[in-house]
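Participant: Would you mind keeping the following structure in view while I ask a few things?
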Amino acid sequence: MDRYVDDYKLDNEVLDTLAINRAINSCEYGDRVVFKNRLYRSGTIYLKSNISLYFETGAYLKASDDYSDFSNGIKFNDKLDINTFVNCDYDGLPKLFFIYGKDIENVNIKGLGIIDGNESIFYGECNEYFIEGAFYPRMPLMFIENCKNLSISGVTLTNSAFWTVHLVGCDGVNIDSVKILNNRRMLNADGIDPDHSKNIMINNCYIESADDCIAIKNTLKFVNYGDSYNIVVKNSVFKSSSAAVKIGTETCSDFYDIHFENIKILDSNRGISLQLRDSGNINDVYFQNIEMETHMFYPKSFWGKGECISITAIRRNENTILGNISNLHFENISATSEHGIFLYGDIRNIDFNRLNINLVNNTKYEKNLYDLRPNEDLKFINDNPKFIYSKFVKNVKFSNLNHNDLYELINIDNESDIVFN
């Protein structure tokens, strides 16, 4: 049965928050909550099991202009003491929610409408290169915890001020034909963040974001949900001012059986980035048929220096017991990039096969830095740019490698073990 939001709104209500939640609460098993072809303004929306949110063509759901419609009276500072690109430690639990669901199952969010996170109400410092938030963490567009069987399809998600789709402890998620269009200067506005989640399929998506497009994480707050595994991302196009595809940096549990296939990465700062900073391990990750174009963005904010591939394992702080990265497979990777391949830390057993890398120098920024953020002690390595920069890695094999000679070929420390076929 269809439950139209408009049927649940009272004449004296300015926002649609209560009407949307009334419609959701009225649903029985399998019912749809329908958003018609108009603008809806809302505070926090609470999902429940066995329902669908359906957006007709032209439906536009936008977050309210007033913090109090999401915050339950929580007060926030109007200026951060430290920029989030310097210090962004985060346990994973936000304080504000727009679309929220917990301990639910069999939920669908679909249609051809638009969901807008209204990022501008969260602005702090702004300049031509980046927009900082007024506080941290800000509001994700969707925060869904412990959901079994979730489907998101067809909709456009835009103007998120923080992680757009944060999936915590979810099992069985299908995200298909979704567009995420975020401001490419807005810091921390990730695309999709599976967090301690499993059995995830992300297919046929288009994502533009200032931060990572896909960021698979294991945050500390939700360590009880265990590992992240059986995740597939394929047939998609990404544009990122940070890393288009990332695992980390929150890595307190293990990651394994993760596949990226048939991906195009355009106009991005980093292409593929694995950033291990905590006690978890990253194993059995596959990258196949990936095209990318990377270049340096404003170097005082976004992490990375235009690398096509960056893999680092570094303790977050002196008390960290660090895991390791092993069994990575790269097959048929084509890149036009401003920096090459960066490998640093306890990284073992990597196969690179059929890489075609064209290095270019097309921005004004310094190329003699390697970015190790976030880390309390190591921030950067100062060295001339190399096609491959490697320290501490073991059993790395390159086969069928093609590259130009813009930079020196390689820097390998005495402890690394790299073979070229």
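Participant: Under 10 Å, Cα contacts only: if you run a Gaussian network model on the chain, which one of Tyr54, Tyr129, Tyr206 comes out with the highest mean-square fluctuation?
Facilitator: Of Tyr54, Tyr129, Tyr206, the Gaussian network model singles out Tyr129 as fluctuating most.
Participant: Once you've got the Cα coordinates, tell me which of Lys62/Lys246; Lys217/Lys394; Lys198/Lys397; Lys300/Lys397; Lys198/Lys264; Lys239/Lys394 are over 26 Å apart.
Facilitator: Numbers: Lys62/Lys246 28 Å; Lys217/Lys394 24 Å; Lys198/Lys397 29 Å; Lys300/Lys397 33 Å; Lys198/Lys264 24 Å; Lys239/Lys394 31 Å.
Over 26 Å apart, Cα to Cα: Lys62/Lys246; Lys198/Lys397; Lys300/Lys397; Lys239/Lys394.
Participant: Is it possible to state the helix-based mean residue ellipticity at 222 nm for the chain, with each DSSP H run of 4+ residues giving -39500 (n - 2.57), the sum divided by total residues, to the nearest 500 deg cm²/dmol? What is it? Walk me through the intermediate numbers first.
Facilitator: On the way: 2 runs with 14 residues, N = 421.
Value at 222 nm, helices only: -1000 deg cm²/dmol.
Participant: Can you tell me the 0 to 90 degree angle between the C-alpha axis of helix 17-26 and the longest principal axis of the chain, rounded to 10?
Facilitator: 80 degrees
Participant: Moving on. Between Asp2 and Ser68, what FRET efficiency follows from the Cβ-Cβ distance if R0 is 25 Å, with the result rounded to 0.05?
Facilitator: About 0.20, to the nearest 0.05.
Participant: If you don't mind, another one. GNM on the chain, C-alpha springs below 10 Å: top fluctuator among Asn395, Asn218, Asn319?
Facilitator: Asn319
Participant: Oh, and also: At Asp284 and Lys48, where each label point lies 7 Å from the Cα along Cα→Cβ, what is the point-to-point distance in nanometres?
Facilitator: Label-label distance for Asp284 and Lys48, simple model: 4.0 nm.
Participant: Of the listed values (1) 19.3; (2) 39.7; (3) 22.4, grab the one calculated as mean projected area of the Cα convex hull in nm² from the structure here.
Facilitator: (1)
Participant: Please list, in chain and number order, the residues 5+ apart from Ile45 or on another chain whose amide H is under 5 Å from its amide H, with Hs placed from the backbone.
Facilitator: The answer is Ile99, Tyr100.
Participant: With a cap of 11 neighbouring Cβ atoms within 10 Å, and only residues DSSP puts in a loop, list the trypsin sites (Lys or Arg not before Pro) found in the stretch 62-151.
Facilitator: On the way: sites: Lys62, Lys75, Lys79, Lys95, Lys102, Lys110, Arg138, Lys148; in loops: Lys75, Lys79, Lys95, Arg138.
Answer by residue number: Lys75, Lys79.
Participant: Here is a follow-up. With viscosity set to 0.692 mPa s at 37 °C, what whole-number translational diffusion coefficient in µm²/s follows for the stretch 113-201 from Stokes-Einstein and a Kirkwood radius over Cα pairs? Let's see the in-between values first.
Facilitator: On the way: Rh = 13.5 Å.
Estimated via Stokes-Einstein, D reaches 243 µm²/s.
Participant: Report the GluC sites (Glu not before Pro) located in the stretch 315-421 that are in a DSSP loop and have at most 16 other Cβ atoms inside 10 Å of their Cβ, or state none.
Facilitator: Passing both the DSSP loop test and the Cβ count: Glu318, Glu366, Glu376, Glu415.
Participant: Extension gain Glu125-Tyr29, at 0.36 nm per residue separation less the Cα-Cα distance, in nm?
Facilitator: On the way: separation 96, 0.36 × 96 = 34.56 nm, distance 4.59 nm.
Gain on extension, Glu125 to Tyr29, equals 30.0 nm.
Participant: Follow-up. Which residue fluctuates most in the GNM of the chain (Cα springs below 10 Å): Asp212, Asp193, Asp31?
Facilitator: Maximum fluctuation in the GNM of the chain, among the listed residues, is at Asp31.
Participant: Moving on. Near Lys367, which aspartates and glutamates are there with a Cα under 19 Å away, not counting those fewer than 8 places off in the same chain?
Facilitator: Within the straight-line cut-off, Lys367 pairs with Asp267, Glu293, Glu307, Glu338, Asp383, Asp405, Glu408.
Participant: Of the peptides 378-384, 341-347, how do they stack up when ordered by the mean number of other Cβ atoms within 10 Å, highest first? Numbers along the way, then the final one.
Facilitator: Numbers: 378-384: 12.1, 341-347: 22.4.
The peptides rank, most packed first, as 341-347, 378-384.
Participant: Sticking with this structure for a sec: Roughly how many Å is it from the Cα centre of the stretch 364-411 to that of the stretch 282-321, as a whole number?
Facilitator: Cα centroid to Cα centroid, the span is 11 Å.
Participant: For the chain, what's the relative contact order in percent, using C-alpha pairs closer than 8 Å and at least 6 residues apart? Mind showing how you got there, number by number?
Facilitator: Working: 1339 pairs, mean separation 34.1, N = 421.
In percent, rounded to a whole number, it is 8.
Participant: Then there is this: Can you compute 3J(HN,Hα) from phi for each residue in the stretch 382-394, using the Karplus curve 6.51 cos²θ - 1.76 cosθ + 1.60 with θ = phi - 60°, rounded to whole Hz and x for Gly and Pro?
Facilitator: 9, 7, 4, x, 10, 5, 10, 10, 9, 9, 6, 8, 10
Participant: Which aspartates and glutamates have a Cα lying under 14 Å from the Cα of Lys48, excluding residues fewer than 8 positions away in the same chain?
Facilitator: Result set, ordered by chain and number: Glu28, Asp31, Asp103, Glu105, Glu145.
Participant: Next up: Using modelled backbone amide H atoms (1.01 Å from N, in-plane), which distant-in-sequence or interchain residues come within less than 5 Å of Leu406's amide H?
Facilitator: Leu359
Participant: Does the stretch 1-140 classify as rounded, prolate or oblate by the C-alpha gyration tensor (a ≥ b ≥ c root eigenvalues; a/c under 1.5 gives rounded; else a/b over b/c gives prolate, otherwise oblate)?
Facilitator: prolate
Participant: Once you have the Cα-Cα distance between Arg354 and Glu408, take 0.36 nm times their residue separation minus that, and quote the gain in nm to one decimal.
Facilitator: 17.4 nm
Participant: How big is the stretch 243-309 by the Kirkwood estimate over distinct Cα pairs, in Å?
Facilitator: Answer for the stretch 243-309: a Kirkwood hydrodynamic radius of 12.7 Å.
Participant: How far is the Cα center of the stretch 3-54 from the Cα center of the stretch 97-124, in Å?
Facilitator: Using only Cα atoms to place each centre, the spacing works out to 13 Å.
Participant: Taking H as built 1.01 Å from N, whose amide H comes closer than 5 Å to the amide H of Arg38, not counting residues under 5 places away?
Facilitator: Distant-sequence amide H within range of Arg38: Ala59, Tyr60.
Participant: May I have the pair-distance distribution P(r) for the stretch 242-421, computed from all Cα-Cα distances with 10 Å bins from 0 and rounded to whole percent?
Facilitator: Spelled out bin by bin, the stretch 242-421 gives 10, 41, 40, 9, 0 percent.
Bear in mind these aren't lab numbers, they're just calculated from the coordinates by the rules spelled out. Given the structure is predicted, the values throughout are model-derived calculations rather than measurements. Cβ atoms come from the backbone with ideal geometry, glycine included; neighbour counts cover every protein chain shown.
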